[in-house]
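Notes to accompany the following structure.
Please treat every number below as a calculation from the coordinates, not as lab data. Since the structure is predicted, the reported quantities are computational estimates derived from the model, not experimental observations. Glycine gets a Cβ as well: all are built from the backbone with ideal geometry, and neighbour counts include every protein chain shown.
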Amino acid sequence: MAVLAGTVSTGTAADNGAPQLETRHGVTATVFLFVFDSFFAIGWLGMTWLYPTEITTLRIRIQANALSTCSNWLSNFLIVMITPPAFANLGYRTYAMFAVFNAAIIPCVWLFFPEPKGRSLEELDVIFASAHFDKVDPVKRAREMRHIEGSELECELDKYFGASSEEVENAR
């Protein structure tokens, strides 16, 4: 997006108001638009569909995916609706605005999204339940907690889900 902003900013307006670019800048902008779309599809696009599935329990998975899909399509609709007026009013700076939003997502994901890689659904349940009862951040708990399985995992699940809240507090 930053490269698109840089190349498109070199354009001028024709007498009729249509944007004009030198061919080399237009080619560069086109190539980087396709590069952005390709890497977005390889990287971030799957997150909107896969992450809610990996992070939610079976009990709320359908509702969470419905909410995720709805927010995805509403966000797409919002972008489709604001992009033409943004280009009309901001011009090439619209690409810079999108570049800032793209850069801002990286720390948001690092700070607020627990990593589900290599963890079972049951382990994720334990991460969220233990973080809730200990009043700590689930992301921090996921980073600190080692991989558990077998009888140790069963014991942790029983501690949080096989007992009432009061029993869990008393077990601590």
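Between Phe87 and Phe161, full extension at 0.36 nm per residue minus the direct alpha carbon distance yields a gain of 21.4 nm. Extension gain for Gln63-Leu153 works out to 29.8 nm (0.36 nm per residue, less the C-alpha to C-alpha distance).
Between Glu122 and Arg143, the modelled labels are 2.8 nm apart [label points 7 Å from Cα along Cα→Cβ]. The alpha-carbon of Lys117 sits under 18 angstrom from the alpha-carbons of these lysines, leaving out residues fewer than 8 places away in its chain: Lys140. With the simple spin-label model, which puts each label point 7 Å out from Cα in the Cβ direction, the Thr23 to Tyr51 separation comes to 4.3 nm.
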